[in-house]
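Read through the structure below, which is laid out as structure tokens, and then see the notes.
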Amino acid sequence: MPSYPTTPVLIAGGGPAGIALLLAAARIGELPRLLDEGITLVEQAPHIGSGMLGRYVINSDSASETFVDTLVDNPVPELARLQHHPLVEMIRSHGKRPLPLRVVADFQDLVGHVLTDLIRKHPASRLLTGWRLASLRQSGRESWAAHLVSTCGEQTQHVIARRVILALGAHQPEQRLRDERVGGQPLLPHYHDRLMQSDDLLAPDGIGRLRAMVAGGRKPKIAIVGGASSALSVARVILRDMEDLIAPGNLTLLHKSPLKLFYRTAEEAIADGYNDFGPADICPISQFVYRFGGLRYDSRDLAMQLMGIANAPPEPRLRTMQITGENDAAVRAVLDGADAIIACFGYRPRRVMIMDRHAHPMALAMDHPDGSLTGGNCGILDGSGREIPGLFGLGLASGYSPSGAMGGESSFHGQVNSLWLWQNAIGEKILSQLMPEEAPLPPLAHATPSALNARQGIHH
């Protein structure tokens, strides 16, 4: 193989997940050493920071203060000084309230600007904006050859890295609409002319596109398929921005699992009249009810209305129907009668070609419809479910399932998409494998009950 530039660590993706690893290193005092040893950060946009976060017209499902938590007592002076920035002070003033994602994006860009300057001050590290990772190939026992392509597609370059972190973001592939069965049949191709995905609906032009789809109908009927936070967010946006069109009972939420509510304590839940939980649904560290599996903030408020919890006022425009597998005919009747259908099936990680040393494509666990990108140590999983040495994944839909000191309810068997965890425990787990030769990284002090209770808005 030709001689190419080398780097100890390659981070592919400079959005919230990619920079979270750097913030995790900064928080525990390891960022200078990481940059001194050398990283190459590749981002296809002109700058690092927010990625696609600012395109969504909804609020966070995390407390505002958790976004700026990483700056508190940060040993990197340039980051610590951001605590006095007007934007950060405004975010902190919101306390435990949610924050519009466009404001979160502004904060991420602010942090990205500081990290850009820090990277460029270290000769061993490089920031390549306007470039994307096209493929990876094993180039030796413990190294990878990364093929990079400029955003315009006119230039290429190669980098040899000992460790690679994929933080490429996620998308909603159309194939999911052909595979997932709702009411006994997939949504595509049968409903192709009246189908949107949640990612499109929550974009700035999403409601305009939905209005065009239902144009001509005086009181259109809309079906939302899904029961997670994104589905409730879609419902809230439609109720808010199409108030003139939605008649009582004409917006239907079709969901498989029961709606679950986050509570800080079991006592608070019971006081509200919510008792649909047991010991397995309580985090043993924080004592939160449905810490990872529960709805929060705006989505939670709407779910409380639908469930009649804590005397929440009813929302007559929205009705729910749980998909049981035994009511396929009723579910199909809702879909058949809908003027528009919004699919909220979640996200899948973005894929790049990964090859072995013989240039043969490697199968990954994520190639299966419900396969995970990463395993328990955040390593990329091959087709047999084994973590591939030297490859790590981080970010939305990476499939990480928390355990041990991270806490969480034992009944939770999904994945967490938590910016706070990326910047803390998950980031530390990866860092411990990037820099194993020094003293062990600090213990997960932020996982103690007092620390978790101080950060009650953990994004999930």
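The values are calculated or read from the model by the stated rules, or taken from the named source; none is laboratory data. Predicted model, so just to flag it, every value in this text is computed and none were measured. In this analysis, Cβ positions are derived from the backbone assuming ideal geometry, glycine residues included, and neighbour counts consider all displayed protein chains.
For the reader, a short list of remarks on this structure follows.
- Taking the listed residues Leu31, Leu35, Leu53, Leu82, the one that is in contact with a Pro (Cβ under 9 Å, 6 or more places away or on another chain) and more than 28 Å from Asp199 (Cα to Cα) is Leu31, with no other qualifying.
- Condition met for Gly390 (among the small types (Gly, Ala, Ser) and assigned to a strand (DSSP E or B)): yes
- Members of region 85-106 that are within 24 Å of Leu31 (Cβ to Cβ), touching a Ser or Thr at 6+ places or on another chain (Cβ under 8 Å) and not aliphatic (A, V, I, L, M): Arg92, Asp106
- Exactly one residue among Arg332, Arg319, Arg296 is in contact (Cβ under 8 Å) with a residue 24 or more places away in the chain, of a type outside the set (A, V, I, L, M, F, W, C) and farther than 17 Å from Ala223 by Cβ, and that residue is Arg296.
- Checking Ala312 against (1) surrounded by fewer than 23 Cβ atoms within 10 Å (Cβ to Cβ); (2) modelled with pLDDT under 95; (3) among the hydrophobic types (A, V, I, L, M, F, W, C), the condition it does not meet: (2)
- Helices (runs of 4 or more DSSP H) contained in region 12-113 and holding at least 3 residues under 21 Å from the mean Cα position of the chain (by Cα) and farther than 26 Å from Arg236 by Cα: 16-27
- Test: residue in region 283-294 that is aliphatic (A, V, I, L, M) and within 22 Å of Met406 (Cβ to Cβ): yes
For (1) in contact with an Asp or Glu (Cβ under 6 Å, 6 or more places away or on another chain); (2) loosely packed, with under 14 Cβ neighbours inside 10 Å, each residue gets a yes or a no:
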residue	(1), (2)
His192	no, yes
Ser198	no, no
Leu201	no, no
Ile207	yes, no
Gly226	no, no
Val237	no, no
Ala269	no, no
Asp276	no, no
Gly293	no, no
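- Meets criteria (touching a residue at least 60 places away in the same chain (Cβ under 8 Å), outside the structural domain of Phe412 (by TED's automatic domain parsing) and part of a loop (DSSP other than H, G, I, E, B)) for Pro369: no
- Of all the listed residues (Asp281, Asp241), the sole one being without any contact (Cβ under 8 Å) to a residue 40 or more places away in the chain and of a type in the set (Asp, Glu) is Asp241.
- Checked against the criterion of being without any contact (Cβ under 8 Å) to a residue 40 or more places away in the chain and either surrounded by fewer than 17 Cβ atoms within 10 Å (Cβ to Cβ) or in contact with an Asp or Glu (Cβ under 6 Å, 6 or more places away or on another chain) (or both), region 135-146 contains one or more residues that satisfy it.
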